[in-house]
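Okay, so here's the structure we're looking at.
The values are calculated or read from the model by the stated rules, or taken from the named source; none is laboratory data. Because the structure is predicted, anything quoted here is derived from the model rather than measured. Cβ coordinates were reconstructed from backbone atoms using ideal geometry, including for glycine residues, and neighbour counts include every protein chain displayed. Only protein heavy atoms, including side chains, enter the accessible area calculation; ligands, DNA and RNA are left aside. Shrake-Rupley method; radii C 1.70, N 1.55, O 1.52, S 1.80 Å.
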Amino acid sequence: MTTTKKNKFDKRLSLDKELFDAAVIKLEASFEILTKNKNEGDIVINDRSNWIMSAREIVKFKQFKNKIETEHYQMVLNSIEEYWSHKFYDVVGKNDLIQQGYYKGLHAGSVLIVYAFASWKEDQECPIDSVNYENLLQGSKVFQGRYGLIEYIKQDRQFSHLAKS
């Protein structure tokens, strides 16, 4: 690699590290803002300011994410995003029975941004789908002493072949 290419790569890497760090902070801040004053087990408080600020942080996260060019930073950030998306889902997405009155006074756009972030994306690949289960179990003792697990796996159409008698 020539010195010029290396310098350009190092500069890109440094910029992407800065964007990566800022993006992660935005997700953490967004969640913290949205769940401010939330009681354990309750849905988040319908505070207009909290929802707007949380949505703003999500939008800033996406802006930072979209500027990252280094493949390994993109890959790691995608994984972190999936983690935070699930955390958001835990506090806003699980409850489909929220009455219309809950949303009164909230900024509709901010609610849509937060809910969209908390949802599984159609183009998102599930890492579980690419696991080779034969390789996973090879040399392991997953079934040793776990007779209930063996019987459970035998009942599953997709995985029954893995529970050898």
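Structure notes:
- Gyration tensor verdict on the chain (Cα atoms; rounded if a/c is under 1.5, prolate if a/b is larger than b/c, oblate otherwise): oblate
- For the chain, the longest piece that avoids every one of the chymotrypsin sites (Phe, Trp or Tyr not before Pro) found in DSSP loops with at most 14 other C-beta atoms within 10 Å covers 1-119.
- Long-range Cα-Cα pairs in the stretch 125-165 (distance over 12 Å), rounded percent: 63 percent
- Close lysine pairs were tallied over the stretch 36-131: pairs 8 or more places apart or on different chains with Cα atoms under 19 Å apart number 14.
- Within the chain, the longest run free of exposed loop sites, counting GluC sites (Glu not before Pro) that sit outside DSSP helix and strand states (H, G, I, E, B) and have at most 12 other Cβ atoms within 10 Å, spans 70-121.
- Taking all protein chains as they are arranged and a probe of 1.4 Å, the heavy atoms of residue 72 leave approximately 90 Å² accessible to solvent.
- Taking all protein chains together and rolling a 1.4 Å probe, residue 160 ends up with roughly 40 Å² accessible.
- Distance from the Cα centroid of the stretch 40-108 to that of the stretch 118-139 is 23 Å (rounded to whole angstrom).
- Those trypsin sites (Lys or Arg not before Pro) in the stretch 74-165 that DSSP places in a loop and that have at most 16 other beta carbons within 10 Å: 94, 104, 121, 141, 146, 157, 164
- A Gaussian network model of the chain, with springs between Cα atoms under 10 Å, assigns the largest mean-square fluctuation among 142, 24, 76 to 142.
- Area accessible to solvent at residue 12, 1.4 Å probe radius, in Å²: 60 Å²
- GNM result for the chain, Cα springs below 10 Å: residue of 39, 66, 135 fluctuating most strongly: 135
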